[in-house]
1. Return the total of residues in the range 109-118 being touching a residue at least 12 places away in the same chain (Cβ under 8 Å) and assigned to a loop (DSSP other than H, G, I, E, B).
2. Counting only residues that are surrounded by fewer than 19 Cβ atoms within 10 Å (Cβ to Cβ) and over 20 Å from THR178 (Cβ atoms), how many does the range 109-126 have?
3. Go through (1) free of Cβ contacts under 8 Å to residues at least 40 places away in the same chain; (2) within 12 Å of the chain's Cα centre (by Cα); (3) in a loop (DSSP other than H, G, I, E, B) one by one and return the number of the condition VAL173 breaks.
4. Of all residues in the range 1-30 being small (Gly, Ala, Ser) and closer than 19 Å to VAL173 by Cα, which is surrounded by the fewest Cβ atoms within 10 Å (Cβ to Cβ)?
5. State whether one or more residues within the range 31-50 are surrounded by 19 or more Cβ atoms within 10 Å (Cβ to Cβ) and polar (S, T, N, Q).
6. Output the residue which, of all residues in the range 177-212 that are within 26 Å of GLN160 (Cβ to Cβ) and out of contact with any helix residue (DSSP H, G or I) (no Cβ under 8 Å at 6 or more places or on another chain), is surrounded by the most Cβ atoms within 10 Å (Cβ to Cβ).
7. Against the conditions (1) at negative phi; (2) out of contact with any strand residue (DSSP E or B) (no Cβ under 7 Å at 6 or more places or on another chain), where does GLU70 fall short? Just the number, please.
8. Kindly indicate the residue of the range 119-153 that is of a type in the set (Phe, Trp, Tyr) and part of a loop (DSSP other than H, G, I, E, B) and also nearest to VAL92 (Cα to Cα) among those meeting that condition.
Amino acid sequence: MPLVAPSFLASNFLRLQDECDMINSSEADWLHLDVMDGRFVPNISFGLPIVEHIRKATNKPCDVHLMIEEPGKFAQDFKNAGADHLIVHYEVCPHLHRNIEQIKNLGMKAGVAINPHTPVHFLSDIIQDIDIVLIMSVNPGFGGQKFIPHTIDKIRALKQLLKEKGVDVLIEVDGGITVENAGALVHCGAEVLVAGNTIFKSADPRATIAKLKSL
């Protein structure tokens, strides 16, 4: 049974309290919060004030995904805002081990995200220090994109790498996840499903979350 993390990028920002209440009453496990800076990705989403307010509206873990350059400058701020997990991108961290140590020393779970073009084996020398690997199944920056099929192979490759290294790391997948393709992702090793439009734009978001949980 996978963990389900609704992505608030697809929520109604004018009704954030209602959206949080809906998630709180659902079977969702985490709240996934995408922070974008308009530099690393071609979009700007939301930042610390939104994370802080959402933190006050839920007891569920806040899974904060930083799609920003120089994430180390803001790790303490996101800890203060209420992040439980802080995910940084491999592509913007030339001193990734330092970033991971910083996040863990602040008392958060440390995650590393990889873009569709980044091979899984690039994490082989750092995998033992990571709590979560987030495989992007779309190019980061915008919700509602089409799932990249090659992601299936990357999940399998990551599962094999974890087996070889003998480490326990959660495999999270984000982008283009639907009720129709989620089963295949779970079957090949995905443990956390991030879904935005699939949940928030559905006729019955709670029922959609329940379907994803049942896979």
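1. 3
2. 10
3. (3)
4. Per the stated criteria, the residue is ALA10.
5. yes
6. Checked the range 177-212; the qualifying residue surrounded by the most Cβ atoms within 10 Å (Cβ to Cβ) is VAL194.
7. With (1) at negative phi; (2) out of contact with any strand residue (DSSP E or B) (no Cβ under 7 Å at 6 or more places or on another chain) applied to GLU70, the lone miss is (1).
8. If we take residues in the range 119-153 being of a type in the set (Phe, Trp, Tyr) and part of a loop (DSSP other than H, G, I, E, B), then PHE142 is nearest to VAL92 (Cα to Cα).
The values are calculated or read from the model by the stated rules, or taken from the named source; none is laboratory data. The structure displayed is predicted, hence computed values, not measured ones. No Cβ is skipped: glycine too gets one built from the backbone with ideal geometry, and neighbour counts run over all protein chains shown.
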